[in-house]
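See structure below.
Rule-based calculations on the coordinates, nothing more; no lab input. Computed from a prediction, not measured in an experiment: that's the story for all the values here. We place every Cβ from the backbone using ideal geometry, glycine too, and count neighbours over all the protein chains shown.
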Protein chains: 2
Amino acid sequence: MTQPIATSREVAERVGVSRSAVSRVFTQGASVSPQMAERVRKAASELGYRPNALARSLITGNSRIIGLVVAYLDNFFYPQAIKALSHQLKQRGYHVLMFMAPKTAGDVDDVLREILDYQVDGLILASVAMSSDLTEQCRQAGIPVVLFNRTQPGANVTSVTSDNVAGGKQVARLLAETGHRNVAYVAGWEGASTQQDREAGFRAGLAQAGLTLNGRAVGNFETEAARQAARDLMSAPGNRRDAIFVANDHMAFAVMDVLRFELGLRIPEDLSVIGFDDVPMAAWPTYDLTTVRQPTDQMSIATADTLLTQIKDPIAAPTRIELACELIRRGSLRAR
Amino acid sequence: MTQPIATSREVAERVGVSRSAVSRVFTQGASVSPQMAERVRKAASELGYRPNALARSLITGNSRIIGLVVAYLDNFFYPQAIKALSHQLKQRGYHVLMFMAPKTAGDVDDVLREILDYQVDGLILASVAMSSDLTEQCRQAGIPVVLFNRTQPGANVTSVTSDNVAGGKQVARLLAETGHRNVAYVAGWEGASTQQDREAGFRAGLAQAGLTLNGRAVGNFETEAARQAARDLMSAPGNRRDAIFVANDHMAFAVMDVLRFELGLRIPEDLSVIGFDDVPMAAWPTYDLTTVRQPTDQMSIATADTLLTQIKDPIAAPTRIELACELIRRGSLRAR
DNA sequence: TTGAAAGCGCTAACAT
DNA sequence: ATGTTAGCGCTTTCAA
């Protein structure tokens, strides 16, 4: 015997007022007398009434739902980020409709369309790309999109990242200063702007220090591929590397495991390793990883802020927000 | 110049048919002639029309949205589970409205109510408890609830877990068989059924083997608390423990780090460590953790299945689904 | 198979 | 400050 949830009509009838009155009581900044408010609230709580968000959205034209698309949930950076994002949005009265994207960009559009069917007020793409078709469609529909931890070169779309180029440069400078001369790089997925920027910054930094990159392998931001990258890098004959910069912490852990357990190397005595992100595990004594800290909380705040700004003011031009990141020096790096 | 998304009326006018006709074309199992379907679809795609899910929900009474509440996102078990859950639900045509619960159970109800405002068709609580008030309210409103990886003793509510008692027992048996005689336990948050069941099973298993628990500390399912638990356990004077069973992998890693780096102990030579969950990191050579594998995918499938069953048939009685779990023996355990 | 009419639950002018 | 009216975009009887 499923008893349906009370409607505003029932509350109105019980109190003997109009449905508009009930509506106003539950609407921010509407004008109602205190006694009306009290009587309505009382009846509402007796009946267990709460406004139907869907019906409200249908008429106000905004759902207070933000679509969030995530791909790399196995990288610890993202659970952290999701938590922060969801927290920020909640504080602002928004909710998160989440979707796990396939890493292959093909199907993302389909899924995005499904999300759009729910009249989301905005869209956050965490390390996910969308077609320029869909970007355009969102623009036309007036739905702001923010790219989180990724930029999309050609597309004229808002993004929030840290300054990955500067981060890469800092790593190069640190390695040079600490006497490393034979450094290699483990790349992430080549299509990712974060990967590209970190590498570009790293190479530029090395060049400034009079060094060149001596070895490169692709780890695709995945554990297994990163392991293989480490093996490939170290099996190249005649090379005596003294440092590896890995495009993110997630892969750096995999690389360190291979160096230690398969190749019997000591870190940092035989080799320094540097990562990127500063996920919590990087601080664990087992890894004690020197890395570049991305300001997750600030990035989340900036994402929520710009998204909501654009929701309020759809004419606003896309911005590219780039936050400073900080080198965190730990035991995986040794001066030589 | 924000161009609004096309409505069914516009499509209807363009084709010269009624809005009902358009609706039928986009409704499963409605009767439309092939030529009607084709003309409407053509016009729809030209105008970029897709049915408004909110308006549809308002009238059909189901939103195809499932509310998902999660608390412990820093435990790697959950990102995995979320991924699996979201995947399962997507396959069945549902979407996930996500919320991060505060670990303090107080505010969960508030948040749940917000989710309910969106007329979700069902609710999944991952390691989160709700008040019996709200449980009752959901029952009355006909909204099925499934507890994922947690049971709620008094409450008559559906849950999906692995057989934590059996898991704990297996651990005890294994430790006994491999000659451990002085075993301690690091507990999770005491309010959690998983914690309680694992400990109960473990104690029962020890008793069957003629052993008793020799030391216990509470790690609350948190890294820092687990570290402290390890310190407390090992600093008890006169004790020569040979094994620690930790209530989940997430804490086990923290415990291992303390044993190795603060206390200078070797695992498993000086001490065996066993965890619970079998998160991906457990297989990494650094930890190589003996643990009890929870069947994440099966649990997710079971959760999605029962939830959707109950959505279709709201009269169905709550069930308590308990899936077998499997002991995974790795290097952190040594026969003595 | 198709169209006309009614209404899901709510809010937003417009009066009063 | 409150009630009346209209309508958000859609689906669903009911007739034809």
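Brief remarks on what is shown
- Sorting A:328, A:124, B:274, A:321 from the fewest to the most surrounding beta carbons within 10 angstrom yields A:328, A:321, A:124, B:274.
- Cα-based radius of gyration for segment B:1-120, normalised by 2.2 N^0.38 Å, reads 1.43.
- Placed amide H near residue A:336: partners under 5 Å, 5+ positions off or other chain: A:179, A:180
- Debye log10 I(q)/I(0) at q = 0.15 Å⁻¹ for segment B:201-336, Cα point scatterers: -0.78
- Separation in nanometres of the label points that stand 7 Å from Cα toward Cβ, at residue A:7 and residue B:141: 1.7
- Chain A: relative contact order in percent, alpha carbon pairs under 8 Å with at least 6 residues between: 15
- log₁₀ of I(q)/I(0) at q = 0.27, 0.28 Å⁻¹ - segment A:227-296, Debye sum with one point per alpha carbon: -1.30, -1.38
- Sorted from greatest to least, the principal axis extents spanned by the alpha carbons of chain A come out as 88, 39, 35 Å.
- By the equivalent-ellipsoid construction on the alpha carbon gyration tensor, segment B:54-138 comes out with semi-axes of 22, 18, 9 Å, ordered largest to smallest.
- Positive dipole terminus of segment A:110-224, leading residue within A:207, A:147, A:124 (C-beta point charges): A:207
- Nearest-20 debye value, segment A:1-136 charge dipole, Cβ charges on Lys, Arg, Asp, Glu: 940
- In plain terms, chain B is cut at each of the GluC sites (Glu not before Pro) found in a DSSP loop with at most 11 other Cβ atoms within 10 Å, and the longest leftover piece is B:1-189.
- Expressed to the nearest 5 percent, the antiparallel share of DSSP beta bridges inside the protein assembly as shown is 10 percent.
- Phi-derived couplings, Karplus 6.51 cos²θ - 1.76 cosθ + 1.60 at θ = phi - 60°, listed residue by residue for segment B:276-290: 8, 2, 6, 6, x, 4, 4, 8, 5, x, 4, 9, 6, 8, 5 Hz, with x used for Gly and Pro.
- Table column - 3J(HN,Hα) (Hz), segment A:154-166, Karplus curve with 6.51, -1.76, 1.60, x for Gly and Pro: x, 5, 8, 9, 5, 9, 10, 9, 8, 7, 5, 5, 4
- The dipole here belongs to the protein assembly as shown: it is taken about the Cα centre, uses +1 on the Cβ of Lys and Arg and -1 on the Cβ of Asp and Glu, and is about 420 debye.
- Virtual spin-label span in nm between residue A:270 and residue A:298, 7 Å along Cα→Cβ: 3.8
- Long-range amide H partners of residue A:288 with built H, under 5 Å: none
- Of A:172, A:81, A:209, the one that fluctuates the most in a GNM where chain A has Cα springs shorter than 10 Å: A:209
- Using 0.36 nm per residue and subtracting the Cα-Cα separation, the extra length available between residue A:309 and residue A:240 on full extension is 19.6 nm.
- The protein assembly as shown - Debye-derived log10 I(q)/I(0), Cα point model, q = 0.12 Å⁻¹: -1.33
- Sparse-neighbour loop sites [trypsin sites (Lys or Arg not before Pro); segment B:137-193; at most 15 other C-beta within 10 Å; DSSP]: B:181
- Placing +1 on the Cβ of every Lys and Arg and -1 on the Cβ of every Asp and Glu, with no other charges, gives segment B:163-258 a dipole of roughly 380 debye about its Cα centre.
- Note on chain B: dipole from Cβ charges, positive end direction compared against B:304, B:191, B:174; the farthest Cα belongs to B:304.
- Convex hull of segment B:140-264 built on C-alpha atoms - directionally averaged projected area, nm²: 8.7
- Treating r as the C-beta distance of residue A:87 and residue A:320 and R0 as 22 Å, the FRET efficiency rounds to 0.40.
- Positive-end ranking of B:69, B:86, B:26 along the dipole of segment B:14-127, with charges on Cβ about the Cα centre, is headed by B:26.
- When the listed pairs A:83/B:83; B:90/B:312; A:42/A:90 are checked against a 20 Å cut-off, the alpha-carbon distance exceeds it for A:42/A:90.
- Nearest 10 degrees, 0 to 90: helix B:108-117 Cα axis against chain B principal axis: 20
- Under 5 Å, built H, 5+ apart or other chain: amide partners of residue B:278: B:249, B:292, B:294
- Pair residue A:18, residue B:261: separation of 7 Å Cα→Cβ label points (nm): 6.7
- Each other copy holds its own label point for residue B:181; taking that point as 7 Å from Cα along Cα to Cβ, the gaps run 5.8 nm, nearest first.
- DSSP beta bridge pairing in chain B, given as percent antiparallel to the nearest 5: 10
- Low-density loop cleavage sites - trypsin sites (Lys or Arg not before Pro) in segment A:31-98, where at most 12 other Cβ are within 10 Å (DSSP): none
- Scalar couplings 3J(HN,Hα) for segment B:13-27, obtained by applying the Karplus form with A = 6.51, B = -1.76, C = 1.60 to θ = phi - 60°, are 5, 4, 7, x, 10, 7, 5, 4, 4, 4, 4, 4, 4, 9, 10 Hz; x denotes Gly and Pro.
- Overall form of segment A:256-298 per C-alpha gyration tensor (a/c, 1.5; a/b vs b/c): prolate
- Shortest-first nm distances, residue B:326 label point to equivalent points in other copies (7 Å, Cα→Cβ): 4.5
- Kirkwood-Stokes translational diffusion coefficient of segment A:131-184, alpha-carbon pairs, 4 °C, 1.567 mPa s, µm²/s: 94
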